[in-house]
Structure formats: C-alpha cells, structure tokens
1. Taking into account only those residues within segment 447-500 that are acidic (Asp, Glu) and buried (at least 18 other Cβ atoms within 10 Å of the Cβ), which is farthest from GLY242 (Cα to Cα)?
2. With ILE428, ILE521 as the choices, which residue is closer than 30 Å to ARG545 by Cβ, touching a residue at least 40 places away in the same chain (Cβ under 8 Å), among the hydrophobic types (A, V, I, L, M, F, W, C) and outside the structural domain of ALA319 (by TED's automatic domain parsing)?
3. If a residue has to be crowded, with 16+ Cβ neighbours inside 10 Å, over 26 Å from ARG432 (Cα atoms) and hydrophobic (A, V, I, L, M, F, W, C) to count, how many in segment 77-104 make the cut?
4. Look through TYR354, TYR313, TYR294 and report the one residue that is surrounded by 22 or more Cβ atoms within 10 Å (Cβ to Cβ) and within 30 Å of ILE123 (Cβ to Cβ).
5. I'm told LYS438 meets every condition in (1) of a type outside the set (A, V, I, L, M, F, W, C); (2) over 30 Å from VAL406 (Cβ atoms); (3) surrounded by fewer than 20 Cβ atoms within 10 Å (Cβ to Cβ) except one. Can you identify the failing condition by its number?
6. Answer yes or no: is there a residue in segment 235-243 that is modelled with pLDDT of 95 or more and within 15 Å of ALA519 (Cα to Cα).
7. Which one of these is of a type in the set (Phe, Trp, Tyr), in contact with a helix residue (DSSP H, G or I) (Cβ under 8 Å, 6 or more places away or on another chain), touching a residue at least 40 places away in the same chain (Cβ under 8 Å) and not assigned by TED's automatic domain parsing to the domain that holds HIS278: TYR468, TYR532?
Amino acid sequence: MRSLNKKIGVFALAGMLLISAGCGSSGNNAVDSNSGNRTGGDENSPISFTFFGADASPNWNNMKDEVGKEITAKTGVTLNAEFDVGSGGGQDKISLMAASGDYPDLIFAKGELGKLVDSEAIIDLTELIEEHAPNIKKLMSENMNRMKYSIEDQAIYSIPTNIGVGQQYFDAVNGFQIQHRVLKELGYPEVKTIDDFENVLRAYVEKHPTTDGQPTIPLTLNADGWKMMITVTNQANNTTNGMNDGEYHVDPETYEAVLHYKRPVEREYFRWLNKLYHNGLLDKDSFVQKEDQYKAKIASGRVLGLTSVDWEYGEAENALKAAGKHEYTYAHFPVTLSEEYKDHAMQSFGVDGYGISITTACKNPVRAIKFIDWLASDEGQVLRNWGIEGKHYNVEDGVRVIPEDVLDRKVNDTNSFAKETGIDLYTIFGPRYGDGVKDATGNYYTTNFPEQIIASYSEVEKETLAAYSATTWKDLFPSEEELPVKEWGALYNMQVPTDGDYQVTYQKTQDIIQKRIPAAILEAPDKFDQVYDEFLAELDKAGAREMEEQYTALVKARVELFTGKAID
C-alpha cells in the first residue's frame, strides 16, 4: 500500500492551484505565454505541452493536419509530441523517465503507469476534474470508481481514453484472418475451428504455391518483442474460452488467476502450431523475423492467413487497399480449438483502459486538464471522430454524412488521409463516448456504427460477408448477450507492484515464455510434451505460483473496487 505522502495531491485555494510535488522537469515544460502561472491564465492563449505516447503513431503530423489546426484554434494548445517506435510499448522510454526524473507534461503511459506513480511523477487528477472539467465529470459520472488507481490508493492518475464510455461493438477486428481470394476460390468453406483454418490454408497453398512470383506463405506470426502475445500466445487462451486477460486466465467464479499457459487445453493449441510448422504451413521465419519484415510479407499479398487483430497488421493491409488489392485483404473468423469453445472477443469489460495523465513537470495543469476536458466535449469528440463539417462530413436533414469521395480516401488511402486530416489521431488525448452512443442531435459520436461500417467495406468484403449470411464481421462472432460483463475490467490496465518480488518474477516468467514457447513449437513433434513439461516446471521454479497468488489478490481487490461487493 502506498503511503499518502507519496501521492501528488491537487488542491484549489483562493483561486490558486497549489501542488505538493517534487520531481524532475521536462526540457520543454508547458508555459502559458500570457500568464506563465499554474492557474490556467487566458482560456485560449497559446500554450505548448510536451507529450509522450507509449504507442506508435506513424501518421502523426505535429498538429499540422486539419483537425490538429482546429484543436489549436479552439484551445490555444499545441502538442510537442513524441511516440514510442516499434513494439516497445513505451517500456524503455518510461523506465528512463522514472530513473532520470525527466518527464513530459502529458503522458499516455499504458501499462507503465505504475512506474511513474511510484516515482511520484503523476498528479492526482481528482480535484482538477472536480474544479475544471465539467465534460469529463459528465462523461465519467457513473464510472468514477473505475478511474481510481486501486482500492488502497483511490487517486485518479489517468483518465481512460482508449475505450469509450458506453462502447458497443458493431464489428469484429480480431479472431483469425483469411484472405478473401482464398475463401472465394474454395467456395467460402466453413471456418470455425483451428482444423477448419488449417484445411483452408493447406487446400489453397497446394493449388497456388506462389503468389505474384514469390512463395505463398500460408501463415506467419509476429514474435518480435511483446507482439508475440498478440499473434502467438494470446490465441492459445482466446481459442479455448479465454477472456483476453493478458498473461493470466481468471476463473470467473473464484477470481483465481493463473498464467494461462498452465491450462492443459492450451498445450493443445501450441501442439497445433507445432504441427503446422513441421507440415510447412507455418512460416519458418516466424520466430526470427522483425516486425517490419512480417508487415512487408503481408503487404506483398502472399500471406494467406493470420492469427491477429487488425490494428496489429493494419498498416500492411492498408498498403494492399491503397494498391487496389482488396482480394488480398482479410476476413475475420471466431476460430476456436474445437466447437465446444466460444470466442470471447465481444465480451464487455465496461469502462476501463489506458489513459492520459498529467505529470508533475507540467507548469500549468489547469490548462492541461481544460484541454483534455475540451476534447471530451461534444464539439471536441465530433471533431476528433468526424473531422470538420463541410470538409470531411456534411449534415443532411440533421444527419452527419461522410461524402463518398472522402470515405473512399479514408478507407483506401488510410495513412495519407489520416496524416492530412488528423481524423482519429487524437483519440488518446481525451475521454470519449464509445461506438453506438448518440449525442443530443441524434447522431453517433463515432463513425463506427452499422450503416457507416457497411458503407466502408470494399465490394470484396461485402461479397465474402454475403457468402456467410452476414452483414458485418461481428455477425460471425458470439454476441455480447452470450457473454457476461467482466467484473474485473481490462486486466491489461490493472497496475501491479513495481517494487518487491513481483516485477522480478514476472520478468523471469516472461523470459521463459519468450524462449520456451517458440522452442516447443519448433521442436520435433515426439518431443513436444517433454519441452512443454519442462517449460511449466521452469515457470514454477521461477516463482510463478507466488506471483499468481499476488495477482489473484489484486484481481479480487479490483472487483471489490469496481462492484462494491466484498470478495473473500
């Protein structure tokens, strides 16, 4: 439990903001050019904030895009932003910040937030929100408990921005992927299990061993850094009734957490990958290639199948769309180990997720929270999601409509469209309503609703969907109604101890997983079980059982915080 004197409190007194803080400063701290004080100054006077985002943002254009310019015009704010590159998730950069005390003004820290909280680098936003953020208060009114850091430390260190309030899912972006050309040639076969998926890949590659003069690749994986979780290890859990809780599987009745690899059924998924490898259906370079090599293969059009989620390979798929090669893009299927299991992709975890934080380096936290609050306003949300009226959308009979030429660019020239317009580039900077929520005008806040999603599909996608009697990819997946809301929220966002044994043990288990899972997949089939048994024994020897007990206690505390019910 963190002591109270480690929290960075914010209090309003006689109109002045007094901050109890002590930490390093950014080289480009925010300074109000009119007042230079910490109380906000002139509401829209020019001000610059430094920012670091733990995710890559390859289309970021330094707010020179159309939406960025409009945000600056409305708020006076410009962002001197830096984003993580590659697949690091901000770990190295944020560890360096915590060690040096050199912080940006604003940060989207993802799973590294705990390091900054323990370094006393993050401001408690509770009073700032109460005093200066009416839009955030309105938006998060029923979910204030879900912003609190933990049951012991109920400060608000970040405001969730990567998941919208009231989020509904109208489309599926995950599961397993198969190229449309493959499905069409094979007569749109049933794809429900890993055996179905394997049979489709085999049947097509036997007919077409090359694609545009290069060897056809039935399936490739991205095992570069933490992305191995996405395309390799998470899928063992997802195909076997897992609930996408990262490295752990949580029993929904007892809340007991174990490293999901220990579930006997998941061994069978990795055994299946072992079979694919030795049968020539899995790319031999899967565990040695870098992420850019993986994406280059997808962009070439010769990868028939993926076990991923669209944001992970989207950049490569966008290249195919830009080239007009829609038949080489991918359909989504809820593939499971066998038909007794359900894909839980549509399961809701409520309002929870990574968010935006203000650090102690920020010289004007009032302007910072007002900036975030404006982004959370109806005007700010519509601008971020839809763009500028008359340029990126029109209002016809009271309904927001995206013109066909704009939609065509948005779908088929995604990267340059985003860089030019800024639409969807500012999601992480402010909280928001999710897909399916309507504003006071009766229009959706976001552009992800059934009619717009269907309009954005290529003719190739529509043809594939029609063959499976579906209108969106979601139609193929188990619905939210079949899956209860997770009481513990999104565990990827649950902070774990940054001191003591937990981090050391976790890193040891991660090193074992990174080494042993590929080894098991590449091992001779008759030695697979031996390698897997050794893998499980190594996890326990490294302290996995004690770590799981700690994690279970954290899950139970989180359920108590989120639901208010006592957990044994």
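The values are calculated or read from the model by the stated rules, or taken from the named source; none is laboratory data. These figures come from a predicted structure and were not determined experimentally. No Cβ is skipped: glycine too gets one built from the backbone with ideal geometry, and neighbour counts run over all protein chains shown.
1. GLU461
2. Matching residue, one of ILE428, ILE521: ILE521.
3. 2
4. Only one candidate qualifies: TYR354.
5. Here LYS438 meets the rest and fails (2).
6. no
7. Working: TYR468 fails: not assigned by TED's automatic domain parsing to the domain that holds HIS278.
It is TYR532.
To keep it simple, each residue is scored yes or no on (1) in the same structural domain as THR75 (by TED's automatic domain parsing); (2) at pLDDT 95 or above; (3) more than 16 Å from GLY434 (Cβ to Cβ).
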residue: SER357; (1), (2), (3): yes, yes, yes
residue: CYS362; (1), (2), (3): yes, yes, yes
residue: ARG367; (1), (2), (3): yes, yes, yes
residue: PHE371; (1), (2), (3): yes, yes, yes
residue: TRP374; (1), (2), (3): yes, yes, yes
residue: ASN385; (1), (2), (3): no, yes, no
residue: LYS391; (1), (2), (3): no, yes, yes
residue: VAL395; (1), (2), (3): no, yes, yes
residue: VAL399; (1), (2), (3): no, yes, yes
